Every structure is written in structure tokens, then in C-alpha cells.
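Participant: Below you will find the structure I want to go over with you.
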Amino acid sequence: MRAVVCSKFEGPDALQIGDLPAPDMPAGYVRIAVRAAGVNFADTLMAAGKYQVKPQLPFAPGLEVAGFITEISSDVNGLAVGDRVMACVDYGGFAEEAVARASDTYVIPDSMTFVEAAGFPIVYGTSHIGLKHKLNLQAGETLLVHGAAGGVGLTAVEIGKALGAKVIATAGGAEKLAVAERYGADALIDYRTEDIRERVKALTDGRGADAVYDPVGGSAFDASLRATVQLGRILVVGFASGTVPQIPANILLVKNLTIIGYYWGAHRILDPALVNESFAELLAWFEAGKIKPHVSHVFAMDEIGEAMSTILQRKSTGKVVVLTESGAQEA
């Protein structure tokens, strides 16, 4: 099958289009004819051999796909050949075919395109469980979202608003802040030119944010410690800045702060029932028009290098998606 092939761990520039054997399908899995696949920062790490999952070479990267089910294992219930689905995979998404655990595969609404579906699972899944179940965000609270025009950040803005919070969004530059505003942000902070702590305090009459959603780390995290209320909560989602913050325990003590570490992917194994419940609500919200996936760039699969560069150079907002040849023909 045609695929993006990683034959050596030398990063996105070493990826090539080639042929790989169709993947075997174990019990509990389904086979999907891929039409579109979401591109994530984690894919760039996997291509460099720096991700927590390190497949045997050669392999196809790619963590989320959308397409048609073409085959199901005999022990799978609730899914059928021909279903339009989105799915998370451990790797192998940038290919004509992928296999996914049935528990990671979700039938999508007729109104959802494959492009929308391909970029849906990771970012919406991460933000929904993160905000609703980890941060326990309540209506009327103030939520500070860093990286608010990025993949998870933009969905956090949407979901924060859906849960009834006031959302303060941070991003770099007017263009990215405008995207966050279109998706519901109540107030905007340009971290390039404004002091996050001072602006949050000004926007909350000196009180601070109740909760923080942080996929950025670095100086954004440091500012969050000083921009939260007493008993505030900070959700650590990632380190897009490239700097892993060192947490000063004295500030946690004085302000009674709660710092919550969070890796959504683990919940697919640790608590699949919670993930299923989460996606049921998210897909209902999509059908009701409460959330609308934002895909800023769509590339052909053989443009995977450019797709990854767009993410690494921070040129994208929301999601980046690649189309297989069949997906491009149908688009």
C-alpha cells in the first residue's frame, strides 16, 4: 500500500512516499480505508525517534485517521463494514490503510467531512476530558487558555465556552488571536507584546483566573502561577514552547494551587468508558453546531514534509490534515 515511510529516525525531512505491507488486523481491531489523516506535533517527534512510542523501522507515522471501515474482527460489535469513521492509532495513519482498535474508532455524523474528522479525535478528546473531568471547570469561572489558536488550544476555547466559562486566550500575534476570538474567546492577550499576568489581573479586576489550560509551558506556565486565584488549578497539557517548566513549590504552598499533569492518550487504555462518554457528548455538540473543527491547512500525502513544517514553524491555526490519493479525489 502507498504510505509515508519512515525508514530512519532523522525527522520529517527523511520521510518519503513509498510502499509498505498492509497492516495485520489483530482481534478487537478494524481496518480503515484512509481518506484523511490529522498531522500532530507528536508525528514530528515520532519521525525523529523522540516520541514515547518508537515503532520498528520502516513504518508510517500518523496518529489519527478518517475513512471507511473495510474489515472488522469477528469479536467486534457496534461497528460495520462501510461505516464512516474517525479513529486514533498508535502509528500508521499516513497510509492508504490503517488498523485501529475498535474502542478507538467512532462513527461520524453524515454532516462531518473526512477532513474535519481526521483532525478531531486528539484535540477535542484532549480538551474535553481535560476541562470537564481534570480541571472540573464550572460555569461562570474564568479560564485562561495558552496557545489558544493551536490544535488543542482552540478546542479548549470552544469547549470552555460550551461549559459556560469566561475564556481569556493567549496567542502570538493579531492573526492568531482573531481565530481564537472567532471561536468564542471573551478576551485576548498577545504574549509577544503584553504581560500575561498583568493583563489577566486587569481583565479580572485583580482577581486572576480560576483555571489554566497550558499546552505551552515555559514562560506561559510561569506567568500562570502568578495569574491565578487562591485555590486555582493549572492543567499541564504539553510544552510547545520547548521549555519544560520547573515548578516552585513555595508558590503552590502560598497560593494553595493545584497542578494537574495530563496525558489524554493514556485514558484510551486506562479509562475507555470515560473516553467513549466524552466522544458521545462531543459528537452531539458537533451535530448541534456548538463546536466546529478548524482546519487551516490541507495537504496531499506526498506533501507531508511541508505539512509538518507548517506545524513546526507555527504557521497553522487549529489543525493540519493530509489527504490520501483517494481522499484527494473525493474532496
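Here, each number is a calculation from the coordinates, and none is a lab measurement. Since this is a predicted model, take the numbers as computed values, not measurements. Cβ coordinates were reconstructed from backbone atoms using ideal geometry, including for glycine residues, and neighbour counts include every protein chain displayed.
Participant: Kindly rank 260-266, 236-242 from highest to lowest mean number of other beta carbons found within 10 Å of each residue. Don't skip to the answer; put the middle values down first.
Facilitator: Working: 260-266: 14.6, 236-242: 18.9.
Ranking the peptides 260-266, 236-242 by packing returns 236-242, 260-266.
Participant: By average Cβ neighbour count within 10 Å, what is the ranking of 67-73, 77-83, 314-320, 155-161 from highest down? Spell out each step's value before the answer.
Facilitator: Numbers: 67-73: 18.4, 77-83: 11.7, 314-320: 20.9, 155-161: 28.6.
My ranking of the peptides, most packed first, is 155-161, 314-320, 67-73, 77-83.
Participant: Which listed residue (135, 160, 231) has the Cα farthest towards the positive end of the charge dipole for the chain, taking +1 on Lys and Arg C-beta and -1 on Asp and Glu C-beta about the Cα centre?
Facilitator: 231
Participant: Using a 10 Å cut-off on Cβ atoms, rank the peptides 142-152, 85-95, 24-34 from the highest mean neighbour count down. Write out the running numbers ahead of the final one.
Facilitator: Details: 142-152: 29.5, 85-95: 24.9, 24-34: 17.9.
Final packing ranking: 142-152, 85-95, 24-34.
Participant: Give me D for the stretch 218-331 in µm² s⁻¹, whole number, from Stokes-Einstein with Rh from the Kirkwood sum over alpha-carbon pairs, 10 °C and 1.306 mPa s. Kindly include the intermediate steps, with their values, before the conclusion.
Facilitator: Working: Rh = 17.8 Å.
Estimated via Stokes-Einstein, D reaches 89 µm²/s.
Participant: Another question, then. Given 10 Å bins starting at zero, what is the percent of C-alpha pairs of the chain in each, up to the one with the largest pair distance?
Facilitator: 6, 27, 33, 23, 9, 2, 0
Participant: Something else now. Using the Kirkwood radius built from alpha carbon pairs, what does the Stokes-Einstein equation give as D for the stretch 124-264 at 4 °C and 1.567 mPa s, in µm² per second? Mind showing how you got there, number by number?
Facilitator: On the way: Rh = 14.4 Å.
This corresponds to a translational diffusion coefficient of 90 µm²/s.
Participant: For 198, 97, what's the fewest-to-most ordering of other Cβ within 10 Å of each Cβ?
Facilitator: Working: 198 13, 97 23.
Ranking 198, 97 by Cβ neighbours within 10 Å, fewest first, gives 198, 97.
Participant: When the Kirkwood hydrodynamic radius is evaluated over all pairs of different C-alpha atoms of the stretch 57-143, what value in angstrom, to one decimal, is obtained? Display every interim value, and only then the final one.
Facilitator: Details: mean 1/r = 0.0692 Å⁻¹.
About 14.4 Å for the stretch 57-143.
Participant: What is the gain in length, in nm to one decimal, between residue 14 and residue 138 on full extension, counting 0.36 nm per residue of separation less the C-alpha to C-alpha distance?
Facilitator: Numbers: separation 124, 0.36 × 124 = 44.64 nm, distance 4.56 nm.
Full-extension gain reported as 40.1 nm.
Participant: If I model the stretch 1-126 as equal point scatterers sitting on the Cα atoms and use the Debye formula, what is log10 I(q)/I(0) at q = 0.21, 0.22 Å⁻¹?
Facilitator: Taken in order of the listed q values, log10 I(q)/I(0) reads -1.18, -1.26.
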